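Asker: Could you have a look at this structure, given as structure tokens, before my questions?
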Amino acid sequence: MEQNLTAKMEMLMTALDQVRKYKEIVASMADFAVITALSIATALAFLMLAKFGVLFGWFNPWDGIAGLLALLTVIVLVGGVVFAGFWVNRRVRHVKVGQWKPTLEEGAPGAIKLLQELNWENIFKDIRRAKMGFTIYGLTRVFISWLIIAVVLNFAAGFLSSIVHVAEINLTLTMDLLSVVIAVFINRKDLQKRYEQVGNLDALLWELRWFDNEFRRADFET
Amino acid sequence: MNSGEPISKPDLYVLARIIKVLKERQKLNRTALATATGLSYDRLIRYLEWMEGKEFVQFDAEGDITLTKKGAKTYDDLVKWILQYVGKVRFPKI
């Protein structure tokens, strides 16, 4: 019976650790946005420089500078997003988890102590934030994928239009739509996973609300 | 053995620790029990007074403490009581 209790408590505490990690994803979204925005701004600066450089005749479209600027645009954009992702991952990995393990090793007394120390209101708040974080994370991922694909496809379209003389505006529109479809397609599994995680977090929230309500109302008579 | 303020509502964690140690070690003197439970001597004495009043523990002639059947049953009931609630919680894979 005591082992059942510690096993159940381990499941509870592990779930709460996971919520803490998810909450960190939300907290690191600001960092993610800043890094991504900086890389987009830098990439746009390179792109503008390449466009205006050709337009004003600073350099020839076929010489190395324009190509280098185009390459830098993609590198900065992709590199920025990869670094932002790495940064979020690093923050999540640094979240302290499993600190309850030594307490739970005491058995039932440890389980009682952990239950006494849980701040349910904060836990519910964390779960709500985690749910929001997943939604934002999923949408941001699609947006960034779309942005990268759109830049790459539009580069390809620009290159193509200069060779086969197709109206650039038609190609840009086609590539933008195509990049939306590709971005959603390559992120479909992740979107589905986030959707399921949000649903599971919702279920956990309801379960814990029930537990908190029942446990708070009950009183152990000695 | 009077040592200050009596306990009105015991901390279940402390209670469970004392009972668990007594269940495992059968018989202990107060100092050894204080060391094993990590409680200060004064606090332990107050809990033991309370537990003696509830017939959870008893003292023998040498002053050693043993757990009564009632004390052991209370511990099992406490574990069962918590498990009744925690056990019903389903944890979705998140």
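Asker: Any residue in the range A:189-196 that is aromatic (Phe, Trp, Tyr), surrounded by 12 or more Cβ atoms within 10 Å (Cβ to Cβ) and modelled with pLDDT under 85? Can you show your working first?
Answerer: Of the residues in the range A:189-196, the ones aromatic (Phe, Trp, Tyr) are A:195.
Still in the list and also surrounded by 12 or more Cβ atoms within 10 Å (Cβ to Cβ): A:195.
Of the ones still in play, those that are also modelled with pLDDT under 85 are none.
So far as the range A:189-196 goes, no, none of its residues is aromatic (Phe, Trp, Tyr), surrounded by 12 or more Cβ atoms within 10 Å (Cβ to Cβ) and modelled with pLDDT under 85.
Asker: Identify all residues within the range B:78-92 that are in a loop (DSSP other than H, G, I, E, B), within 7 Å of chain A (Cβ to nearest Cβ) and under 26 Å from the mean Cα position of the chain (by Cα); write none if there are none.
Answerer: If we filter the range B:78-92 for residues that are in a loop (DSSP other than H, G, I, E, B), which is where we start, we get B:87-92.
If we keep only those that are within 7 Å of chain A (Cβ to nearest Cβ) too, we end up with B:87, B:89-92.
The one that is in a loop (DSSP other than H, G, I, E, B), within 7 Å of chain A (Cβ to nearest Cβ) and under 26 Å from the mean Cα position of the chain (by Cα): B:87.
Asker: With the checklist (1) in contact with an Asp or Glu (Cβ under 8 Å, 6 or more places away or on another chain); (2) closer than 25 Å to residue A:6 by Cβ; (3) modelled with pLDDT of 90 or more; (4) not acidic (Asp, Glu) in hand, flag the one item residue A:87 doesn't pass.
Answerer: (2)
Asker: Examine the range B:9-23 for a residue that is within 22 Å of residue A:116 (Cβ to Cβ) and small (Gly, Ala, Ser), and state whether such a residue exists. Give the derivation first.
Answerer: Filtering the range B:9-23 for residues within 22 Å of residue A:116 (Cβ to Cβ) gives B:9-23.
Cutting the leftovers down to small (Gly, Ala, Ser) gives us B:16.
Yes.
Asker: Taking the range A:19-32 as the search range and keeping residues that are assigned to a helix (DSSP H, G or I) and either hydroxyl-bearing (Ser, Thr, Tyr) or free of Cβ contacts under 8 Å to residues at least 40 places away in the same chain (or both), which one is nearest to the other protein chains (Cβ to nearest Cβ)? Lay out the reasoning, then the answer.
Answerer: We begin by selecting, within the range A:19-32, every residue assigned to a helix (DSSP H, G or I); these are A:19-27, A:29-32.
Add one more test, that the residue is either hydroxyl-bearing (Ser, Thr, Tyr) or free of Cβ contacts under 8 Å to residues at least 40 places away in the same chain (or both), and what stays is A:22, A:30.
Values: A:22: 8, A:30: 23 Å.
Selected residue: A:22.
Asker: Here's a follow-up. Just give me the residues in the range B:55-69 being surrounded by 15 or more Cβ atoms within 10 Å (Cβ to Cβ) and closer than 25 Å to residue A:5 by Cα, in sequence order.
Answerer: Keep residues of the range B:55-69 that are surrounded by 15 or more Cβ atoms within 10 Å (Cβ to Cβ), which gives B:56-57, B:64-65, B:67-68.
Result: B:56, B:57, B:67, B:68.
Asker: Answer with yes or no whether residue B:71 is farther than 21 Å from residue A:108 by Cβ and either within 13 Å of the chain's Cα centre (by Cα) or among the aromatic types (Phe, Trp, Tyr) (or both). Step through it out loud before you land on a result.
Answerer: Working: farther than 21 Å from residue A:108 by Cβ: no; either within 13 Å of the chain's Cα centre (by Cα) or among the aromatic types (Phe, Trp, Tyr) (or both): yes.
So residue B:71 fails the test.
Asker: Also: Please indicate, with yes or no, whether at least one residue in the range A:100-115 is within 14 Å of another protein chain (Cβ to nearest Cβ), farther than 29 Å from residue A:4 by Cβ, surrounded by 13 or more Cβ atoms within 10 Å (Cβ to Cβ) and charged (D, E, K, R). Show your work before the answer.
Answerer: Pass one, the range A:100-115, residues within 14 Å of another protein chain (Cβ to nearest Cβ): A:100, A:102-115.
In the following step, the residues that additionally are farther than 29 Å from residue A:4 by Cβ were identified as none.
Checking the range A:100-115: not a single residue is within 14 Å of another protein chain (Cβ to nearest Cβ), farther than 29 Å from residue A:4 by Cβ, surrounded by 13 or more Cβ atoms within 10 Å (Cβ to Cβ) and charged (D, E, K, R).
Asker: Right, next: Only helices (runs of 4 or more DSSP H) wholly contained in the range B:1-54 count here; list those with 3 or more residues that are more than 9 Å from chain A (Cβ to nearest Cβ) and more than 13 Å from the chain's Cα centre (by Cα).
Answerer: Values: elements: B:12-25, B:30-37, B:41-53.
The helices (runs of 4 or more DSSP H) meeting that bar are B:30-37.
The values are calculated or read from the model by the stated rules, or taken from the named source; none is laboratory data. The structure presented is a predicted model; accordingly, all values stated were derived computationally and were not measured. In this analysis, Cβ positions are derived from the backbone assuming ideal geometry, glycine residues included, and neighbour counts consider all displayed protein chains.
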